[in-house]
1. Assuming GLU197 fulfils every condition listed in (1) in a loop (DSSP other than H, G, I, E, B); (2) closer than 21 Å to ARG122 by Cα apart from one, which condition is it?
2. With the requirement that a residue be within 31 Å of the chain's Cα centre (by Cα) and part of a loop (DSSP other than H, G, I, E, B), what does region 200-222 give you?
3. Just to be sure I understand, how many residues within region 83-106 are part of a loop (DSSP other than H, G, I, E, B), among the small types (Gly, Ala, Ser) and open to solvent by less than 50 Å² (accessible area, probe 1.4 Å)?
4. If you take the residues in region 318-332 that are of a type in the set (Val, Ile, Thr) and part of a strand (DSSP E or B), which one is most open to solvent (accessible area, probe 1.4 Å)?
5. For region 98-122, what are the residues that are within 14 Å of ASN80 (Cα to Cα) and polar (S, T, N, Q)?
6. Which one is nearest to VAL355 (Cα to Cα), of the residues in region 59-70 that are modelled with pLDDT of 95 or more and open to solvent by less than 30 Å² (accessible area, probe 1.4 Å)?
7. Pick from ALA281, ALA276, ALA303, ALA262: which is closer than 19 Å to GLY246 by Cβ and surrounded by fewer than 17 Cβ atoms within 10 Å (Cβ to Cβ)?
8. Go through (1) touching a residue at least 12 places away in the same chain (Cβ under 8 Å); (2) open to solvent by less than 30 Å² (accessible area, probe 1.4 Å) and name the single condition ARG178 misses.
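The values are calculated or read from the model by the stated rules, or taken from the named source; none is laboratory data. Note that the coordinates shown come from a computational prediction; the quantities given were computed from them, not determined experimentally. Every residue, glycine among them, receives a Cβ derived from its backbone with ideal geometry; neighbour counts consider all protein chains shown. Note: areas computed on protein heavy atoms with side chains; ligands, DNA, RNA excluded. Shrake-Rupley method; radii C 1.70, N 1.55, O 1.52, S 1.80 Å.
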Amino acid sequence: MRHQTAADEPARARAPRIIAAIALLALGAGAGWASTAVFAPPDEVAAAPYSYVEIVAGEVGSSVRLTTVASWRRAPAGTNRAAGTVTSVPLAAGDEVRAGSVLYSVELRPVVAAVGEVPAFRQLGRDAEGPDVRQLQQLLTELGHYDGLVDGGFGARTEAAVRAWQRSLELPDDGVVRPGDLLFLPALPVRVTLDDELVRPGANLSGGERLVSVLPPEPEFSVPVSAAQAATMPLGTPVEITAPDGAVWPAAVVAHEPSEEADDQVRLRLGAADGAPICTAACSTIPVLGDTRLPSSIVTQAATSGLVVPAAALRSSADGTVAVVDREGRNHPVTVLASARGMAVVDGVQEGLRVRVPADGPDAGTGGGTGSDGEGDGRARPPAAAQR
């Protein structure tokens, strides 16, 4: 008798295993379908075409944060007549000098500030006459050394005053004023700077140099902006400058000037509303040398208080009227008092009214639509096909 092999196994014997395999495949396919059906994302939920917001009291304004540049414009004044080696410089840049202040010393002889239009040009002693003598007498009077007539004549009383002044400076009291002893400035007191390349200990002076520059009452304040920005900042635009000590200096745009750096740049020159210095009594806190950059806020839209709504809630009509739309679809005419950054201050409605955003959604302005049919209140509603 021949034994059967696996190859000889009748088909009916293999049938149960084939059926079982088909069943497993069917179960796997069903499980895959079930997984897809259960875990597939739901139909996309459509957002409502509009929502509602409540009109509330608030404030609307707009400002731009930019940088103000403060720089001092120095004007050369006075002419040095002292020759020799600079031995001391007691002044720092921006210091205030008065009549009699020592500016610097040349070969241990101080150069003193005085008021006068006529520069020092000669030695002054007994019997000298002229406007330069008058300027000397005025200085001696202010310092308390002279009580005679300021007449431009160098007499005995003037000589005695000069000797007293020389002793106060610890100089030989010979009663003679040399050309290099005085440096006449147009006005005093005034804040000054010295040419630190020429006026420094060890430097040599030959006489005739313009070493001293006077400073104006305040630095120039300006804001560099693009031409497009300048168009939104007309003359009179308020500017709030943050001072070095944290204080706020109010200013305003007083001029648009072309920039020296680029054709598409504009320099906004600033000034105070009353013409006083922007930095008031604190101008000395602005360094004299170089430019000082100060953070500033340029108010492009002054703050306005009132009832605030999103600008998108405003509906404009062909006749120019503006309205908001309530929950029932009714128009409420309003007057826009101010708008900035997507918000508006309006008049003509009551606080607490809920209005449609955007105003031009479905049924907007019909005068009596069912506002609740499309109401979103910030919540999305599924489409009709998804409500089953």
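1. All conditions are met except number (2).
2. LEU215, PRO216, PRO217, GLU218, PRO219 - these are the residues of region 200-222 that are within 31 Å of the chain's Cα centre (by Cα) and part of a loop (DSSP other than H, G, I, E, B).
3. Summing the residues that are part of a loop (DSSP other than H, G, I, E, B), among the small types (Gly, Ala, Ser) and open to solvent by less than 50 Å² (accessible area, probe 1.4 Å) in region 83-106 gives 4.
4. Among those residues, the one meeting the criterion is VAL322.
5. Listed by number, the list holds a single entry, SER105.
6. THR68
7. ALA281
8. Result: ARG178 passes all but (2).
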